[in-house]
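Trainee: My structure is below; once you've seen it, I'll send some questions.
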Amino acid sequence: MKTYTENDIKLNPLEALREEHTEMRTALSKFENILKKIPAGVSDSELNEISEYLNKDVEVHFKREEDALFPVLGNYIGIETGPINVMLIEHNSCRELTGDLRKRIEVKDYKSAASAGKALIELLSEHEDKEDVILFQIAEMQLGNDEKQDIMKKMVTIN
């Protein structure tokens, strides 16, 4: 996941998050290709690389949304119900699936790891689409430039 610096404060945070989604889609495609090789020709290092990406990079992305975007957007559309609540539920589901995947890799239960991985890919892909098409569109309509800059300032601190 991209590391933002003070030089990035002027970026539109919604565009930055969309770019992160593009990076995640590339990683998920790679992950899907690795899963297709199970059980015949997959290496532990390939599985550990994907597990590390999910644990670190996807988590950083989630934190940027949860700690920077959602609180500000929540002032307009609420957090307890509606789209932000759905996104938070899906973030937690992704975390659970990532933990399950990691455990299955550790015990070398590759068939179950493939199943958990496929479920995670499907959930993350659908999740990103919802954010890109629905949530970020709402945010573009609701948030002013000052709020967007404040969100980006917060995102710079989450790496």
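Trainee: Got at least one residue in region 96-103 being farther than 30 Å from Glu46 by Cα and either touching a residue at least 12 places away in the same chain (Cβ under 8 Å) or part of a loop (DSSP other than H, G, I, E, B) (or both)? Lay out the reasoning, then the answer.
Mentor: So in region 96-103, the residues farther than 30 Å from Glu46 by Cα come out as none.
No.
Per-residue answers, yes or no, for (1) of a type in the set (Phe, Trp, Tyr); (2) modelled with pLDDT under 95; (3) under 19 Å from Asn92 (Cα atoms); (4) surrounded by 15 or more Cβ atoms within 10 Å (Cβ to Cβ):
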{"site": "Glu126", "(1), (2), (3), (4)": "no, no, yes, no"}
{"site": "Asp129", "(1), (2), (3), (4)": "no, no, yes, no"}
{"site": "Asp132", "(1), (2), (3), (4)": "no, no, yes, yes"}
{"site": "Phe136", "(1), (2), (3), (4)": "yes, no, no, yes"}
{"site": "Gln142", "(1), (2), (3), (4)": "no, no, no, no"}
{"site": "Met155", "(1), (2), (3), (4)": "no, no, no, yes"}
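Trainee: While we're looking at this one, here's another question. Conditions: (1) within 17 Å of Lys118 (Cα to Cα); (2) in contact with a Leu (Cβ under 9 Å, 6 or more places away or on another chain); (3) of a type outside the set (Gly, Ala, Ser). Glu66 meets all but one. Number of the miss?
Mentor: Unmet for Glu66, out of (1) within 17 Å of Lys118 (Cα to Cα); (2) in contact with a Leu (Cβ under 9 Å, 6 or more places away or on another chain); (3) of a type outside the set (Gly, Ala, Ser): (1).
Trainee: Which residue is farthest from Glu140 (Cα to Cα), if the candidates are limited to region 1-58 and must be part of a helix (DSSP H, G or I) and among the hydroxyl-bearing types (Ser, Thr, Tyr)?
Mentor: Taking the candidates together, the pick is Ser45.
Trainee: Is there any pair with a first residue in region 5-19 that is touching a residue at least 24 places away in the same chain (Cβ under 8 Å) and loosely packed, with under 14 Cβ neighbours inside 10 Å and a second that is assigned to a helix (DSSP H, G or I) and not hydroxyl-bearing (Ser, Thr, Tyr) whose Cβ atoms are under 7 Å apart and which are 6 or more apart or on different chains, and what are they?
Mentor: Matching pairs, first to second residue: Thr5/Val156; Glu6/Val156.
Trainee: Hey, another quick one. Could you please tell me which pairs satisfy a Cβ distance under 6 Å, a separation of 6+ or placement on different chains, a first residue in region 52-68 that is closer than 14 Å to Ala16 by Cα, and a second residue that is at pLDDT below 95 and surrounded by 21 or more Cβ atoms within 10 Å (Cβ to Cβ)?
Mentor: So the pair list comes out empty.
Trainee: Here's something else I'd like to know. Please state which of the following conditions Ile79 fails to meet, knowing it meets all the rest: (1) outside any helix (DSSP H, G or I); (2) crowded, with 19+ Cβ neighbours inside 10 Å; (3) of a type in the set (A, V, I, L, M).
Mentor: With respect to (1) outside any helix (DSSP H, G or I); (2) crowded, with 19+ Cβ neighbours inside 10 Å; (3) of a type in the set (A, V, I, L, M), Ile79 is out only on (2).
Trainee: Residue under question is Thr5, and the condition is that it be at pLDDT 90 or above and hydroxyl-bearing (Ser, Thr, Tyr); does it hold?
Mentor: no
The values are calculated or read from the model by the stated rules, or taken from the named source; none is laboratory data. In this text, all values refer to a predicted model and were calculated from it rather than measured experimentally. So basically every Cβ, Gly included, is an ideal-geometry build from the backbone, and we count neighbours across all protein chains shown.
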